[in-house]
Amino acid sequence: MSDLNNKTQGITIGLTPCPSCGKLSVHSDIHCNRCGKALVMRDYSSLQKSWALLITAAILLFPANLYPITMLVNRGQIRHDTIFTGIVHLVESDMFPIAIILFTASILVPLLKIVGLTAYLLAISFRLPISKQKLMVGFHIIEWIGRWSMLDLFVISITAALVNMGQLLDAKPAPAATAFALVILLTQLAAKVLDTRLLWDRLESKDDAN
Amino acid sequence: MEQECADNSVVLCRSCDLVISKRALPSGVRALCPRCHTTLYDTPYCSINGMLALCLTALLFLLPANVLPVLELHFLGSVRTTTIIEGAMAVSNQGYWIVGIAVLVSAVIAPALLILSVLFQILIIKYRLNSPFFRDILKRLLSYQGLLAQLSMLEIFMISILVSVFQLSDFADIFLGMGTFCFAMLFLVTLFLQREYNLEHMWGVLDE
Ligand SMILES: [Zn+2]
Ligand SMILES: [Zn+2]
């Protein structure tokens with residue numbers, strides 16, 4: 001064990017963890033002997049998959065924010081709200097805490113997720129000298145906070161089911177809801193499929209310990 | 001070297017593949033990867049009986065939380081109620097079935113499957129059902145555990161209920177009922193269950 005320094009990776013000493021159950025196996029094994037899952041040293045194709053999902057999500061971010069996400073009929077008058085105008089409306093009616101929660105969950109988090117993942121993938125693909133530790137911390141935050149974007153969709157579903165009094169008062173979802181749901185799904189998948197070990201392999205050669 | 005390391009003396013960080021020699025931890029402490037701060041392992045802390053009690057409590061609240069209305073709205077003399085499933089149906093009926101499915105999966109199906117899955121795992125371990133049939137079931141349940149935990153979003157739905165209450169109370173009277181209470185309990189009990197649960201430890205049972 002003496003040749004373990006603080007940079008030795010599993011790949012150099014011939015070990016790999018099972019992607020499903022985490023049990024360590026030697027490279028020559030094809031399947032994990034505990035759960036039977038196929039072992040992969042490094043999933044190089046995950047980089048392409050992650051890029052594809054991320055780019056699709058980034059494109060869908062536009063309709064998700066530009067089209068209305070809710071429609072409200074109030075005494076015969078129809079009002080369409082995008083994510084942003086909905087939040088502005090909340091601020092105008094003095095509901096600041098709710099406005100802040102929804103702004104974070106619906107605008108800030110999706111945007112940070114896409115920017116953060118782009119930085120991560122660029123660092124792998126083009127070997128950019130961005131601090132690996134910062135990227136990884138950012139990645140953990142993205143993984144943890146990303147699901148909170150679902151908040152807006154839950155609120156829309158509750159509101160749509162409760163507020164349905166015909167011409168008098170009626171709340172309905174609008175086209176951006178589907179686009180927004182897909183943005184969440186695709187960004188979560190982009191983070192999930194990525195083999196994060198690729199970052200640490202590639203930059204190791206550039207001799208930056210961070 | 002390979003033989004030496006394939007035992008339990010080292011762990012590999014699943015985020016960056018760093019080799020770290022394993023050390024004993026005081027209870028309640030997590031070991032983090034020194035290089036990328038990913039959680040490596042924590043002390044096995046799950047008591048089977050405690051989890052069984054939490055599972056059964058969660059099951060108790062599961063049905064009323066999904067069948068009873070989570071919110072009730074009074075507006076100009078008319079009353080509207082909704083369950084989580086009706087909310088999902090309401091958006092689906094408008095043509096937004098992707099949103100409907102997302103709501104249904106993350107607030108109803110995944111949490112229910114998660115609780116049932118943990119219950120079966122615990123029963124298999126508690127009653128030492130060692131036949132290949134049960135071991136195979138345990139393996140399958142464990143390999144879907146991570147996915148179910150990610151899909152289950154009770155905590156987010158809980159906050160959504162509160163956000164809706166504040167938003168709607170602007171122009172209507174909102175009432176919280178038995179369903180809201182059951183959902184809140186389901187959320188709390190599942191939260192404690194997931195804290196107690198340790199996937200790595202459960203996989204370890206298969207090695208014994
Ligand atoms: Zn395995
Ligand atoms: Zn690491």
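The values are calculated or read from the model by the stated rules, or taken from the named source; none is laboratory data. The shown structure was predicted, so the numbers you read here are calculated from the model rather than taken from an experiment. For neighbour counting, all protein chains shown are included, and Cβ atoms are generated from backbone atoms with ideal geometry for every residue, glycine included. For accessibility, only protein heavy atoms count, side chains too; no ligands or nucleic acids. Shrake-Rupley method; radii C 1.70, N 1.55, O 1.52, S 1.80 Å.
The charge dipole of chain A, taken about the Cα centre with unit charges on the Cβ atoms of Lys, Arg (+1) and Asp, Glu (-1), comes to about 360 debye, rounded to the nearest 20.
Would you mind getting the Kirkwood hydrodynamic radius of the range A:1-99 from its Cα pairs, rounded to one decimal in Å?
This gives a value of 18.9 Å.
Remark: spin-label model distance A:TRP144-A:TYR44 equals 3.4 nm, labels positioned 7 Å along the Cα→Cβ axis.
Taking amide H as placed 1.01 Å from N in the peptide plane, B:LEU129 has no amide H partner under 5 Å among residues 5 or more places away or on another chain. Remark: the protein assembly as shown carries a charge dipole of roughly 540 debye about the Cα centre, counting +1 on each Lys and Arg Cβ and -1 on each Asp and Glu Cβ. In this structure, the residue pairs whose Cα-Cα separation is over 22 Å, taken from A:LYS23/A:LYS192; A:LYS49/B:LYS139; A:LYS7/A:LYS134; A:LYS49/A:LYS113; A:LYS23/A:LYS49, are A:LYS49/B:LYS139; A:LYS23/A:LYS49. For the range B:96-142, trypsin sites (Lys or Arg not before Pro) meeting the loop criterion (DSSP other than H, G, I, E, B) and having at most 12 other Cβ atoms within 10 Å: B:ARG128. Toward the positive end of the charge dipole of the range B:48-207, with +1 on the Cβ of Lys and Arg and -1 on the Cβ of Asp and Glu, the farthest Cα among B:LEU60, B:LEU186, B:VAL70 is that of B:LEU60.
Sequence-ordered 3J(HN,Hα) estimates for the range A:28-33 from the Karplus curve with 6.51, -1.76 and 1.60 and θ = phi - 60° stand at 5, 5, 9, 10, 5, 7 Hz, glycine and proline given as x. Taking amide hydrogens as placed 1.01 Å from N in the peptide plane, the amide H of B:THR38 sits under 5 Å from those of B:CYS33, each at least 5 positions away in sequence or on another chain. Using a probe of 1.4 angstrom and keeping all protein chains present, the accessible surface of the range A:43-204 works out to 44 square angstrom per residue. A cut-off of 5 Å between modelled amide H atoms, ignoring neighbours fewer than 5 places along the same chain, links B:THR83 with B:VAL70. With each label modelled as a point 7 angstrom along the Cα→C-beta vector, the B:PHE181-A:ASN33 pair spans 5.5 nm.
3J(HN,Hα) couplings calculated from phi for the range A:11-27 with the Karplus curve 6.51 cos²θ - 1.76 cosθ + 1.60 (θ = phi - 60°) are, in sequence order, 5, 7, 9, x, 10, 8, x, 5, x, 9, 10, x, 5, 6, 10, 7, 4 Hz; Gly and Pro show x. Shape class of the protein assembly as shown from the alpha-carbon gyration tensor: oblate, with a/c at 1.5 or above and b/c at least as large as a/b.
From the alpha carbon centroid of the range A:85-134 to that of the range B:135-208 is 25 Å.
Principal axis analysis of the Cα atoms in chain B yields extents of 76, 41, 34 Å, listed in decreasing size. The shape of the range A:43-204 can be summarised by an equivalent ellipsoid whose semi-axes, obtained from the alpha carbon gyration tensor, come to 37, 15, 11 Å from longest to shortest. Here A:VAL88 and A:MET165 are evaluated by their C-beta separation; at R0 = 30 Å the FRET efficiency comes out at 0.75. Within the range B:166-208, name every residue whose backbone N is under 18 Å away from a label modeled 7 Å from Cα of B:ARG128 along the Cβ vector. Backbone N within reach: B:204-208.
Spin-label model, A:LEU108/A:SER131: points 7 Å from Cα along the beta carbon direction are separated by 2.1 nm. Within chain A, the whole DSSP H helices whose Cα atoms reach 15 Å or more along their own axis and whose mean Kyte-Doolittle score is at least -1.0 are A:45-66, A:109-125, A:132-145, A:150-162, A:176-193.
Only DSSP H runs of four or more residues enter the estimate; each adds -39500 (n - 2.57), and after division by the residues of the protein assembly as shown the mean residue ellipticity at 222 nm equals -18000 deg cm²/dmol.
Classify the range A:1-41: rounded, prolate or oblate, from the alpha-carbon gyration tensor (a ≥ b ≥ c, eigenvalue square roots; a/c under 1.5 rounded; otherwise prolate if a/b is larger than b/c)? Here the range A:1-41 falls in the prolate category.
The range A:141-161 and the range B:50-128 have Cα centres spaced 15 Å apart.
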